[in-house]
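Everything below concerns the one structure shown next.
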Amino acid sequence: MEHEQTARILVAGTGPAGLIAALGFAAAGFPVTLVGPEATAPDGRTTALMNPALKVLERLGVLEDIKPKAAPLKVMRIVDATSRLIRSPVVTFRASEIDEDQFGLNLPNSVLNPALASKVAAHAGIEWLKSMVATWHLDAEHVRAVLSDGSSVDASLAVAADGRLSPARQAAGISTSARSYPQAAFVLNFRHSSDHAFTSTEFHTETGPFTQVPLPGNRSSLVWVVRPETATELAALDDATLSMRVEQQMQSMLGRVTIEPGRQIYPLSAVTPLRFARDRVALVGEAAHVFPPIGAQGLNLGIRDVDDLIGIACENRSDPGAAKALAAYDFKRRPDILARSSAVTLLNMSLLSDMLPAQMARVAGLGALGGFAPLRAFFMREGLRPGSGFAALAGGLRRPAR
Ligand SMILES: Cc1cc2nc3c(=O)[nH]c(=O)nc-3n(C[C@H](O)[C@H](O)[C@H](O)COP(=O)(O)OP(=O)(O)OC[C@H]3O[C@@H](n4cnc5c(N)ncnc54)[C@H](O)[C@@H]3O)c2cc1C
């Protein structure tokens, strides 16, 4: 590796996107400085990562150790549990239909995040400064981050993995369009008496989806999107009553439910920046896209941001923060980010909407998916990796969906 000619990368933020970016850039031979605190608050959520994102973790040497603590996702099911006039039939997606063993893995954040952090801490090519960026100075030649401990870091490129409020994004003068929804995600994990058979079921309701995702054993995680006041009411219930409510909502599909300790509430919002890079700052993860946790998209998209950014930086090793590299990144990420953000927003709005046309569009869409295997296969491939559904269609569906 020609280190003299390979410019320094500064990664700001130590959520999963920042840790993966630091590991990825270091693996690609860049000297990396990572700035951000070590996580201390427990996170009971789980993250469903699809096969392409898992391949990235595998390359970084993180997957092997955490795999035993994750559950494979083999079947995904959508149940229309609205009480609306027109309802869709159940739609089932099977990984085997597109010749895959699994769509991905559901990983507890309490396993994934510490595994990433310890890999970063042990990496000789990453300097981890456990501080915060206090001020950014961005100019034509380089970025300078002044940290809250008074020290400073210079680099060619700043990777903004500093979350939904992204101070780096603000410093680069990138404006955003933002909205908040009258919804919150109520999150917990639970045990059940019947086997989940590695199936995730998303029940569509009038307030948003209720999504069960398998964990190892007879356990699952739950993301239940409800009105904010309902989330507060649910969080205040005693264990037995809440277990019963979850079981009822699941139509007892997994038998008897016993909720585990640890309940979290996340208010839902969406943030879309008007551009994804500028002034030596490239946005990744939630700095680049925030939308409701529907369809397990967020970190999968964040990992694609990181992967694309590293690919472009490798073609611009001596100055990966140069304007032409950033323009290439913006151009590459724009369609994927905008498509995923608007698909999630549309689905969410069609659930909330009382308007018949929106409901009909959703039901017609789900009905078409349920009844027509090639269309289902197309969406499953597109869901895993953008472009691969089209690639399979272009190849005349060489391996037709069974
Ligand atoms: C309920 C729920 C369920 C979800 N489920 C899934 C799922 O199944 N699959 C999926 O793909 N995605 C899922 N997501 C989305 C996923 O959790 C997010 O995409 C992901 O956590 C974003 O990570 P991040 O690193 O971009 O941001 P964050 O985790 O918010 O990290 C930002 C980091 O930046 C740091 N920071 C901020 N300011 C500074 C500064 N000035 N200097 C240094 N550091 C700074 C913060 O301390 C923090 O560590 C879910 C989200 C929710 C809410």
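FYI, it's all coordinate maths here, none of it is from the lab. Given the structure is predicted, the values throughout are model-derived calculations rather than measurements.
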Along each principal axis, Cα extent of segment 190-232, largest first, Å: 32, 19, 13
Per residue Cα convex hull volume for segment 93-150, in cubic angstrom? 226 Å³
Pairs Lys67/Lys130; Lys69/Lys130; Lys67/Lys324; Lys119/Lys324: which are spaced more than 30 Å apart, C-alpha to C-alpha? Lys67/Lys324; Lys119/Lys324
Calculated log₁₀ intensity ratio I(q)/I(0) where the Debye formula runs over C-alpha points of segment 1-154, q = 0.16 Å⁻¹: -0.94
Size of segment 138-227 as Cα extents on the principal axes (Å, biggest first): 59, 31, 22
Could you work out Rg/(2.2 N^0.38 Å) for segment 63-159, with Rg from alpha carbons only? 1.81
Can you give the alpha-carbon Rg of segment 33-115 over 2.2 N^0.38 Å, where N counts its residues? 1.44
Segment 241-294, Rg to Rh (Cα coordinates; Rh as Kirkwood inverse mean 1/r): 1.28
Can you give me the Kirkwood hydrodynamic radius for segment 84-218, using every pair of distinct Cα atoms, in Å to one decimal? 20.3 Å
